[in-house]
Amino acid sequence: MGRRRLYHTPEEARLAANAKSRKSYHKNKGTIRSRRQEDYNKRKEEKQQLMRPRPQFGPKKSTPIDVNTVIHSLADRDNPQHVTYWIRRVERVKKHFIEEIGPSPLAYAEELYAGYVSTRCNEPIFEAIVRMEKFQKWLNTYLHEILQISGCSAEYKYGQEVAEKVSAMHRSLEDLGMYTTLPADDIPDFETLHKGKEFAYQTLLTV
C-alpha cells in the first residue's frame, strides 16, 4: 500500500510550501537577515570599486586572439590535447549564453524582475539560475584544460572574459531569487529596492 497522499491539488501543495517557508524563515530569521546585510555590504563595496578610477597600465603582453580564426581552424579541432579543441567549446557556451539572455544582460535581468513583480512567480528566475550554473560548470572545465595546455595564454584570458560575464549573471539572479523566497508576510518593497538600485544585477550587469 502506497503512502497516503498529502495534497490533492496544486493549490494545497503551494499553500503547504508557503507555510513551510514561513516557518523556516522565522526559525532562521537572524541568520537570513545577517546574510542579506553581508550581501548588501559586499554589493556596496563592489559598486564603490566600479566607481573608482582604474590605474592605467602599459599594453598587454599577450596578443588578443582572433576567435573566428580559432573557431574555423581545421587544425586540431578534434584533438583534446590542443587548445583549439577547448576554445571552440568556450565559444559554443558563449553562443548559448547570448541566445539565452539576448543582446543586453541588464535588460534580461530587468525582464525577470518585472515578471516576478507582476506575477509573484519566481520559477522563471530559478530556471534561469539553473541554466547559468550549467554554463559555469562547462566553462570551468574548459578553462582548466586550456590552462593545463597553454598556461595563462591569450586563449585562457579570452575564456576568463566569457566566464566572468556568465558569473556576473549567475550572481545577479541568485541575489534576485533570494529576495523572492521570503515569506508572503515579509516580502520586501521591491519597488523601493529597485529605485535604490539595491539589486545586484543593477550594479554587476551592463546594458
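Tabulated results
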quantity	calculated
Some residue of region 192-200 being over 19 Å from the mean Cα position of the chain (by Cα) and of a type in the set (Val, Ile, Thr)	yes
Test: residue in region 49-57 that is open to solvent by 80 Å² or more (accessible area, probe 1.4 Å), assigned to a helix (DSSP H, G or I), modelled with pLDDT under 75 and within 30 Å of Pro183 (Cα to Cα)	no
Qualifying residue in region 171-184 (condition: β-branched (Val, Ile, Thr) and at pLDDT 90 or above)	no
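The values are calculated or read from the model by the stated rules, or taken from the named source; none is laboratory data. If you're wondering where the values come from, they're calculated on a predicted model, not measured in any experiment. Side chains included, ligands, DNA and RNA excluded: accessible areas come from the protein's heavy atoms. Shrake-Rupley method; radii C 1.70, N 1.55, O 1.52, S 1.80 Å.
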